[in-house]
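Below is one structure, written out as structure tokens, with a few remarks after it.
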Amino acid sequence: MRNGAGTNETGRGGDSLVTRIISSASRFANKHGIYMGKRSAKVHAALYRRSNGKIGGHLPGSPKAKILLLDHVGAKSGLRRTSPLMYYAGDNFVAVVASKAGQPTHPAWFHNLKANPDTTIRIGQETRPVRARVATDAERAQLWPEFVAFFPDYDFYQHLAKDRKIPIMILDPR
């Protein structure tokens, strides 16, 4: 049922059936401590690269939830890794959320970027050099609603994370 704000009772508006199914499955897995990100990242990144972002470039059923590929170097291992992440593009920066689907710890890529902030991102077929930094509290307060607007489950993830304030990482061009 819709309320006056144009959203349904869960706070989500206009979602497709595919989005609702994916969201429900994700919520179930996350609530039970099953984090699928690490298992699926390699396949996602390969499909994204091969298709220049045509496959894997946005969350299925949610074209506003755009995805980039974030390259990072392991803080301990030194190994190069790639993580597909939803992003928000500002005027002169890109931002990503270190949600780890609401799990109690930050994702590995977050720690890797803190240790090695100079990296690259790929949006579609374009690769961009960036320098990563953690958003200030003021920046996070401005950006969080932008992320929730295209992916309302971020609020669910913050609830799941309890005392862990989910950080936002700013990727400035370099």
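What follows draws every value from the coordinates through simple rules; no lab data is involved. Keep in mind it's a predicted model, so treat the numbers as computed, not measured. Every residue, glycine among them, receives a Cβ derived from its backbone with ideal geometry; neighbour counts consider all protein chains shown.
Residue-wise HN-Hα couplings along region 100-108, as the Karplus relation 6.51 cos²θ - 1.76 cosθ + 1.60 with θ = phi - 60° gives them from phi, are 6, 6, x, 5, x, 10, 5, x, 4 Hz; Gly and Pro carry x. Amide H contacts of His58 (H built 1.01 Å from N, in plane; Pro and chain starts excluded): Ile67 sit under 5 Å, all sequence-distant by 5 or more or on other chains. The translational diffusion coefficient of region 17-173, from Stokes-Einstein at 20 °C and 1.002 mPa s with a Kirkwood hydrodynamic radius over alpha carbon pairs, comes to 136 µm²/s. Exposure proxy ranking for His72, His106, based on other Cβ atoms within 10 angstrom of each Cβ and starting from the fewest, stands as His106, His72. Of the cross-linked pairs Lys64/Lys165; Lys100/Lys162; Lys114/Lys165; Lys76/Lys114; Lys42/Lys100, those separated by over 18 Å at the C-alpha level are Lys64/Lys165.
Couplings 3J(HN,Hα) of region 139-154, computed from phi: 5, 4, 4, 6, 7, 3, x, 5, 5, 5, 4, 9, 8, x, 5, 4 Hz, in residue order, whole Hz [Karplus 6.51 cos²θ - 1.76 cosθ + 1.60, θ = phi - 60°; x for Gly and Pro]. With neighbour counts taken as other beta-carbon atoms within 10 Å, the residues Val73, Val130 rank, fewest first, as Val73, Val130.
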